[in-house]
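Q: Following this message is one structure expressed as structure tokens.
The values are calculated or read from the model by the stated rules, or taken from the named source; none is laboratory data. A quick note: this is a predicted structure, and the numbers were derived from the prediction, not measured. FYI the Cβ positions are ideal-geometry reconstructions off the backbone, even for glycines, and counts take in every protein chain you see.
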């Protein structure tokens with residue numbers, strides 16, 4: 001038998017062995033080079049912050065660089081959908097991912113079929129804030145003001161498809177009020193618009209809201225979670241403030257291109273879940289009101305599919 005043929009047969013045997021082991025050979029060698037986490041949001045956003053916290057710990061654990069790359073908007077998500085399914089390109093995004101197909105009908109990818117859920121990282125509670133001089137001291141007064149002047153009040157967001165946009169859109173529908181969406185290119189600009197009074201309301205991550213409230217720059221009316229948040233114990237939930245049954249929980253998590261080997265996905269998932277249990281991570285999450293979400297890839301996939309189906313129906317006539 002020639003040398004080349006022996007080499008080819010040996011390689012084939014190794015490949016068969018690797019697959020026969022359920023892909024464990026892939027996972028044991030992963031990662032042997034740098035890993036890229038694409039964030040389809042601007043630097044400084046909640047998504048970006050979470051990506052850097054998790055990426056730093058994964059880098060330490062793996063002994064390989066984990067690089068966070070900000071590519072805001074649909075182009076960032078599309079680049080991941082088209083990447084090689086080898087575990088070396090991941091994406092950390094928000095539940096805004098689930099309405100990407102509604103925001104843009106020609107995105108060139110399927111938010112469910114072209115991705116695999118790898119690991120949820122955290123839920124980021126949001127709080128409804130308004131300018132301090134707005135003549136509405138509580139939620140009921142805000143709703144009355146909106147109903148008295150339909151189409152006159154604005155709500156800010158970091159853009160269509162953002163987690164905070166979804167919160168406001170659900171709020172608008174549940175309250176049956178006519179308020180106008182004003183999208184900005186990023187979260188800092190959206191926050192500034194409320195502080196200056198250019199817009200009248202914004203659902204911001206609770207850590208940002210707390211800082212602004214303490215500085216007297218905005219007024220917090222209600223949190224969107226099912227229970228009060230310990231960082232803002234005096235602020236009622238939307239349900240307590242009069243919108244019975246309203247609850248909104250955002251999520252932020254890691255995804256990979258579809259067909260990434262299950263063994264690699266499971267390895268990343270196990271490592272992320274281990275990181276989320278660290279005291280130092282909880283110490284970083286708690287002051288910001290973040291809630292860790294350790295979960296299996298399969299459970300995360302179901303959340304992605306369920307949210308996509310639900311929100312696609314809600315926004316079937318487009319987003320405004």
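Q: Of all residues in region 287-297 being over 13 Å from residue 54 (Cβ atoms), out of contact with any strand residue (DSSP E or B) (no Cβ under 6 Å at 6 or more places or on another chain) and in contact (Cβ under 8 Å) with a residue 40 or more places away in the chain, which is surrounded by the most Cβ atoms within 10 Å (Cβ to Cβ)?
A: Applying the filter and picking the extreme gives 289.
Q: Criterion first (modelled with pLDDT of 90 or more, surrounded by 19 or more Cβ atoms within 10 Å (Cβ to Cβ), closer than 30 Å to residue 135 by Cβ and not assigned by TED's automatic domain parsing to the domain that holds residue 116) does residue 241 satisfy it?
A: yes
Q: For region 91-101, indicate whether the set of residues that are crowded, with 21+ Cβ neighbours inside 10 Å, more than 21 Å from residue 314 (Cβ to Cβ), touching a strand residue (DSSP E or B) at 6+ places or on another chain (Cβ under 8 Å) and in the same structural domain as residue 281 (by TED's automatic domain parsing) is non-empty.
A: The answer is yes; a qualifying residue exists.
Q: Looking at residue 87, is it surrounded by fewer than 19 Cβ atoms within 10 Å (Cβ to Cβ), on the phi > 0 side of the Ramachandran plot and in a loop (DSSP other than H, G, I, E, B)?
A: Answer is no for this residue.
Q: Does region 138-163 hold any residues that are under 20 Å from residue 44 (Cβ atoms) and free of Cβ contacts under 8 Å to residues at least 60 places away in the same chain, and which are they?
A: 156, 157
Q: Name the single residue, out of those in region 264-295 being more than 16 Å from residue 92 (Cα to Cα) and in a loop (DSSP other than H, G, I, E, B), that is nearest to the chain's Cα centre (by Cα).
A: So, considering only residues that are more than 16 Å from residue 92 (Cα to Cα) and in a loop (DSSP other than H, G, I, E, B), the one nearest to the chain's Cα centre (by Cα) is 289.
Q: Same structure, new question: Is there a residue in region 208-223 that is crowded, with 21+ Cβ neighbours inside 10 Å, outside any strand (DSSP E or B), in contact with a helix residue (DSSP H, G or I) (Cβ under 8 Å, 6 or more places away or on another chain) and not assigned by TED's automatic domain parsing to the domain that holds residue 167?
A: Taking every residue of region 208-223 in turn, none turns out to be crowded, with 21+ Cβ neighbours inside 10 Å, outside any strand (DSSP E or B), in contact with a helix residue (DSSP H, G or I) (Cβ under 8 Å, 6 or more places away or on another chain) and not assigned by TED's automatic domain parsing to the domain that holds residue 167.
Q: Find the residue count for region 31-50, including only residues that are modelled with pLDDT under 95 and either closer than 27 Å to residue 110 by Cβ or part of a helix (DSSP H, G or I) (or both).
A: Here the count works out to 9.
The rows are residues; the columns are (1) out of contact with any strand residue (DSSP E or B) (no Cβ under 7 Å at 6 or more places or on another chain); (2) over 22 Å from residue 230 (Cβ atoms).
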residue: 261; (1), (2): yes, yes
residue: 268; (1), (2): no, yes
residue: 276; (1), (2): no, no
residue: 300; (1), (2): no, yes
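Q: Scan region 238-263 for residues that are under 17 Å from residue 167 (Cα atoms) and part of a strand (DSSP E or B) and jot them down.
A: 252
Q: Counting only residues that are in a helix (DSSP H, G or I) and surrounded by fewer than 24 Cβ atoms within 10 Å (Cβ to Cβ), how many does region 192-205 have?
A: Residues meeting the conditions: 3.
Q: Here is a further query. Among 60, 64, which is the only one that is out of contact with any helix residue (DSSP H, G or I) (no Cβ under 7 Å at 6 or more places or on another chain), surrounded by fewer than 21 Cβ atoms within 10 Å (Cβ to Cβ), at pLDDT 90 or above and in a helix (DSSP H, G or I)?
A: Among 60, 64, only 60 is out of contact with any helix residue (DSSP H, G or I) (no Cβ under 7 Å at 6 or more places or on another chain), surrounded by fewer than 21 Cβ atoms within 10 Å (Cβ to Cβ), at pLDDT 90 or above and in a helix (DSSP H, G or I).
Q: Looking at (1) assigned by TED's automatic domain parsing to the domain that holds residue 49; (2) within 22 Å of the chain's Cα centre (by Cα); (3) over 30 Å from residue 78 (Cβ atoms), can you tell me which one residue 230 breaks?
A: So the condition that residue 230 fails would be (1).
Q: Still on this structure, I have one more. Let me spell it out: the conditions are (1) crowded, with 16+ Cβ neighbours inside 10 Å; (2) part of a loop (DSSP other than H, G, I, E, B); (3) within 21 Å of the chain's Cα centre (by Cα), and residue 235 meets all of them except one. Which number is the exception?
A: (3)
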